[in-house]
Every structure is written in structure tokens, then in C-alpha cells.
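Undergrad: Right, I'll just put the structure down here and ask away after.
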Amino acid sequence: MSTTPRSAALATVGGYTLLTQIGEGGMGVVHLARRPGGDRVALKVLRPHVVGGEEARQRLEREVSSLSRVRSRWVAEVIDADPWAEVPYVATRYVPGLSLHDHVVEEGPIVGRDLVWFAGCLAEGLASVHEVGVLHRDVKPSNVLMEGRTPILIDFGLARVADDPRLTHTGWLIGTPGYLAPEILYGDDASTASDVHSWAATVAYAGTGRAPFGRGPSMAVMDRVRRGEHDLDGLRGDLHDVVEAALDPDPERRPTLEEILVWLRPQSTQVHRRPVAGPLPEVVETAPMRAAAWPEDETRVEAQPVDWSEDGPEDWPEEGPRTAVLPTEQWSDEQWADQQWAEPAPRVPAVERVRRGLLTLAGGVAVAVGVAAVPYAGLALVLVAVWLLRSGSLAASRVGDRRRLRGRRWYDAPVVLVRAPWDLLRSIPSTLVLQLWALGLAAAAGLLAYAVAAGTTATLLAGAGALVVGLWWGPGGSRVRSPLGRVVRPLSAAPGRWVAGLLLVTVAAGAAAYVLDQRGPWWVPAQDQPVGSRDAAREGVVGGTLDGVQHVSIIR
């Protein structure tokens with residue numbers, strides 16, 4: 001039998017029939033397989049070069065012996081394993097469902113009571129793993145499967161089964177930036193508090209739809225983790241406070257898993273059993289506990305990420321969530337810039353997208369009618385508003401870039417205020433380009449309407465509509481759409497707020513249209529109408545004298 005752990009080269013492994021490949025990572029390939037009795041399992045086929053020689057397989061055997069004692073409805077428990085096979089494997093309960101990572105991308109964040117239920121179930125599963133003396137050390141969204149609304153913890157302990165001295169003695173760590181506890185990044189030993197930190201980061205992702213320590217280069221993310229600079233906007237109530245406390249950079253100040261469960265159980269799982277909290281029993285030495293330990297004779301060096309495209313094995317996964325192996329060698333700035341661990345933005349439901357579109361369209365119509373009703377003053381107000389919006393967007397982008405590189409600072413807001421005059425000046429050239437583009441479209445639309453004798457009101461509406469479209473989609477229009485989107489998106493997220501916003505905009509547009517229809521455009525501050533009226537444009541006047549009486553004829 002081939003030792004290559006790919007579904008194309010294997011029909012069976014250890015008596016299990018491989019049905020389809022469902023995942024792949026640095027440790028091996030995960031297949032949906034059928035056991036001899038007919039039940040389906042998730043079969044992780046481990047890479048032989050990762051498992052190593054006899055000593056490593058003995059460690060794996062001890063590890064599996066501990067993991068097989070985990071019995072919990074919130075854990076995909078180990079069913080079978082053979083570390084000594086030509087192709088070593090570990091079989092676990094198969095959970096049909098998306099990972100939390102993909103679930104949030106497809107369905108959006110988990111909210112309300114479902115989020116409390118999620119947090120409680122995930123904590124229960126983690127407690128079940130701790131009870132047998134094993135640390136997970138890799139709790140993250142891709143290692144949580146969603147069975148309906150219930151999370152199932154997978155891959156507990158298996159990310160560390162290859163406790164190879166060639167790795168641990170050179171200071172390599174395994175984990176995902178943003179979900180590794182800060183003490184592990186410093187090179188300290190893992191503990192139950194480390195898993196609590198990862199639990200909190202995963203709950204934060206579930207409730208907000210984004211990684212709590214942000215995106216960007218791995219070093220920037222890990223630096224924010226070490227300083228405890230997280231973003232929990234979107235979490236509400238007591239759960240926010242619990243997650244925030246569990247993300248404390250100091251493991252001594254974090255609540256224990258038992259304390260978290262005391263608070264969560266009455267609101268979620270209602271399961272009354274006592275998990276093991278605090279230090280793990282010293283008699284149980286498993287690979288996950290040992291892999292975090294640093295040798296006494298080695299200098300601790302901060303971990304940095306592997307270049308997946310250059311230095312990794314040829315069979316690293318090209319897509320999907322990855323578990324990074326972090327080496328201690330130095331990297332260039334260009335290499336750091338390529339190491340992105342960005343979480344895809346959650347997909348917005350179709351109904352909410354429709355609400356956003358309608359509210360944006362209504363706002364555009366209201367602006368166009370307002371400009372047509374008060375042409376000079378309305379145009380000046382719109383152009384100034386575009387200048388301010390673009391200046392604010394540029395300032396916000398600069399702050400965002402700075403935060404991605406070195407995290408949040410207390411002085412971010414004061415710096416924005418101090419730099420505001422410079423941002424206003426800096427945005428003038430690009431804003432003028434956008435405004436001239438939009439004014440050109442408005443002039444073209446107005447001339448076209450005037451050419452077909454559409455009348456003053458129709459001409460102004462055509463020009464104002466073209467102006468709005470040009471400012472929205474013209475060169476640099478993204479700097480206008482972005483800040484306005486920050487208003488439209490939260491209004492559209494809740495039906496009640498959306499209805500109120502849409503009603504307000506519609507009333508404003510209706511009032512402007514009524515004034516325009518009843519009295520025509522108001523040319524303040526000018527006194528006279530600069531363009532001919534509809535009648536003057538479409539009618540000719542012929543006059544003459546007949547029998548000493550002045551006669552006037554109107555030719556239509």
C-alpha cells in the first residue's frame with residue numbers, strides 16, 4: 001500500500017474505506033471514511049514523516065490512549081487509531097456540518113441566546129478534554145464544527161502529536177496567529193489558561209464575525225495578542241465582560257474554565273459536572289503539554305511565520321484555514337508583508353443587501369431633488385460634504401493602517417484631530433478630480449435635457465441626478481461610499497432602524513419635490529434665473545401693429 005496520504009492513491013486505510021477528502025493540513029489529510037461496521041468516521045491520515053520514528057509513535061500511542069477517554073456530546077471523540085501502521089491514522093466521530101469559520105462566512109455572526117449557547121457548549125467540550133489531562137492548544141474557528149447550532153470541538157491534542165525534538169529543540173511553535181495565547185508566543189508553557197484564551201478568541205469571532213486581534217501580517221497580529229489589544233465591538237452584556245476577562249494577556253488574571261462554566265451553565269447547557277481547573281495533573285504527560293515546553297539550554301526567541309509558498313512542503317494546503325508552523329529565523333519586511341491571516345468578511349444576507357440598496361437609492365434621490373430645488377446652495381453644500389467625507393476617509397485609512405502594524409493606541413483619536421487640517425489640504429487635489437468629473441457629467445446631462453426642451457425643472461433634475469452618480473462612482477468615489485456605508489450598514493442591519501431611516505429620507509425627498517413643483521427652483525443667493533424658462537424655450541412671440549392697435553401673437 002502506498003504511504004502517500006492522498007485519496008487518489010489510497011482506497012482503504014486500516015480497514016476503513018476512504019470516501020472523499022474533507023480537509024488537509026500540515027499534520028495530514030482528513031477523509032470521510034466508512035468503518036467496517038458501516039458507520040462513517042472522520043479519518044485523519046497522518047503524514048509518516050511528521051509522525052517520525054518509533055519514539056514518536058510511542059508518544060502518539062500514549063496520546064491517543066488519553067484522548068480516547070474523552071466522552072462528550074461537544075467533542076468529536078477518538079474512535080480508533082493505529083500509530084504503528086504503515087500509514088498511521090486516527091479516526092474520530094464524523095460531524096456533518098461547516099466549520100465555525102465557514103459558518104460565519106456563510107450565515108453571519110452568531111447572536112443573542114444562540115451565542116451564549118455556543119459559548120457554553122464550547123466551554124463544556126474544552127472542559128471534557130481537560131478532564132483527561134490533555135490540553136487542546138489549538139482552539140480556533142476552523143477546529144470547531146457546527147452541528148446545527150451546537151459547536152463540536154475537533155483536533156484536540158492531535159496538532160501536537162509530532163513532539164519531535166528537532167522541532168521543539170529549535171524553538172518552533174505550532175498555532176494560528178490571533179488564537180494562540182500570549183504566553184505561548186513568549187515561549188512559556190501552555191496551561192488550561194492558554195486554552196481559555198483561545199476559547200475567548202473563538203467566541204469573539206463567532207459573535208462579531210471577525211478575528212478579535214484583527215488582520216494583517218502575522219507579527220502585527222501576534223504583537224496585538226501579546227499586548228491584549230482586541231476588538232470586541234458587537235459583543236453585548238455579560239458575555240462581553242467574560243470574553244474580555246478571558247483575553248487578558250496575563251494568564252493569572254484570566255478566569256478559570258470552571259468559573260466561566262459556573263456563569264454559563266445556568267444560561268446554556270445546564271450540565272452539572274465538575275471539570276478540572278487549574279494546573280493539569282503532573283502524572284499525565286501528553287504531547288500537547290510537552291510541545292509548548294522550551295529546552296533549558298536554548299535561548300528563547302520570538303516566533304515568526306513560515307512562508308507557505310517558499311519553504312513549506314510541497315503538499316501544504318493551498319486554500320482554507322491553516323495551522324502555521326512558526327520558526328525563529330529572521331524574515332525581511334517584504335516576507336512579512338506577504339504573511340496574511342485575513343478572515344473573509346461574513347456574507348451579508350440577501351434581504352439586508354436589498355435594504356442597503358433601497359436606502360442608498362433613496363438617499364441619492366433625496367440629494368438630487370434637493371440640489372434641483374436649491375441649485376446654487378445645494379450644489380455648494382454637496383461639494384463641501386464630499387470634501388469632508390473624503391478627508392475623513394483618508395484619515396481613517398491612515399489610522400487603520402497604523403493599527404494593523406502596531407495595534408491600537410490611546411492617542412489615535414487625538415492624533416486624528418491634530419492632523420485634520422493637513423488631511424483636509426491633502427484631499428483637495430483628488431477631491432477636485434472627482435468633483436470636476438461629476439460636474440462634467442451633470443453639465444452633459446443638463447445640456448441633453450435642455451436640447452430636447454425638457455423644461456427647467458426636468459433639466460435641473462437630470463443634471464443633479466448625473467452629479468450624484470458621478471460623485472458616487474467617479475474616480476475616488478470609494479472615499480465617499482465608505483463613510484456613508486458606515487451609516488447605511490448599521491441602519492440596514494435592523495428592520496426597525498431601516499424603516500425609520502428610509503421614512504426620514506423619503507420625507508425629505510418628498511418635501512423638496514413638493515417645493516420644487518409648487519414654486520420652482522430657488523436660485524439663492526442669485527436673484528434671477530440663469531437659464532430660460534420652459535415657456536421661453538418652447539414658445540416664440542410675434543408682435544405687430546394693426547389699425548393703430550398693438551397685437552401680440554404667440555406661436556407654439
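Throughout, read-outs are computed from the coordinates displayed, never taken from laboratory work. In this text the structure is predicted, and so the values were computed from the model without any measurement. Don't worry about glycine lacking a Cβ; one is built from the backbone with ideal geometry, like all the others, and counts go over all protein chains shown.
Undergrad: Can you tell me the FRET efficiency between Gln518 and Leu98 if r is taken as the Cβ-Cβ distance and R0 is 56 Å, rounded to the nearest 0.05? Before the final figure, lay out each step's value.
TA: Values: r = 57 Å, r/R0 = 1.02.
Computed FRET efficiency for Gln518 and Leu98 comes out at 0.45.
Undergrad: Here is a follow-up. If packing is taken as the mean number of other Cβ atoms within 10 Å per residue, what is the order of 503-509, 390-396, highest first?
TA: Working: 503-509: 15.4, 390-396: 20.6.
Result, highest mean first: 390-396, 503-509.
Undergrad: Rounded to a whole number, what is D in µm²/s for the stretch 350-526 from Stokes-Einstein with the Kirkwood radius over alpha-carbon pairs (37 °C, 0.692 mPa s)? Write out the running numbers ahead of the final one.
TA: Details: Rh = 17.8 Å.
Estimated via Stokes-Einstein, D reaches 185 µm²/s.
Undergrad: Compute the FRET efficiency between Gln267 and Leu432 as 1/(1 + (r/R0)^6), taking r as their Cβ-Cβ distance and R0 = 45 Å, and round to the nearest 0.05. Numbers along the way, then the final one.
TA: On the way: r = 56 Å, r/R0 = 1.25.
The formula returns an efficiency of 0.20 here.
Undergrad: Then there's this: If you take the beta carbon distance between Thr20 and Arg149 as r and set R0 to 30 Å, what does 1/(1 + (r/R0)^6) give as a FRET efficiency, to the nearest 0.05? Kindly include the intermediate steps, with their values, before the conclusion.
TA: Numbers: r = 25 Å, r/R0 = 0.85.
It comes out at approximately 0.75.
Undergrad: Here's another thing I want to ask about it. Give the separation of the Cα centroids, the stretch 406-458 to the stretch 38-117, in Å.
TA: A separation of 54 Å, based on Cα centres.
Undergrad: Right, next: Take Asp102, Asp155 and order them by how many other Cβ atoms sit within 10 Å, fewest up front. Working shown, then result.
TA: Numbers: Asp102 17, Asp155 25.
Listing Asp102, Asp155 from fewest to most nearby Cβ atoms yields Asp102, Asp155.
Undergrad: How much length is gained if the chain between Trp473 and Ala245 is pulled fully straight, taking 0.36 nm per residue apart and subtracting their Cα-Cα distance, in nm to one decimal? Can you show the working numbers first?
TA: Numbers: separation 228, 0.36 × 228 = 82.08 nm, distance 4.41 nm.
Result for the pair: 77.7 nm of gain on full extension.
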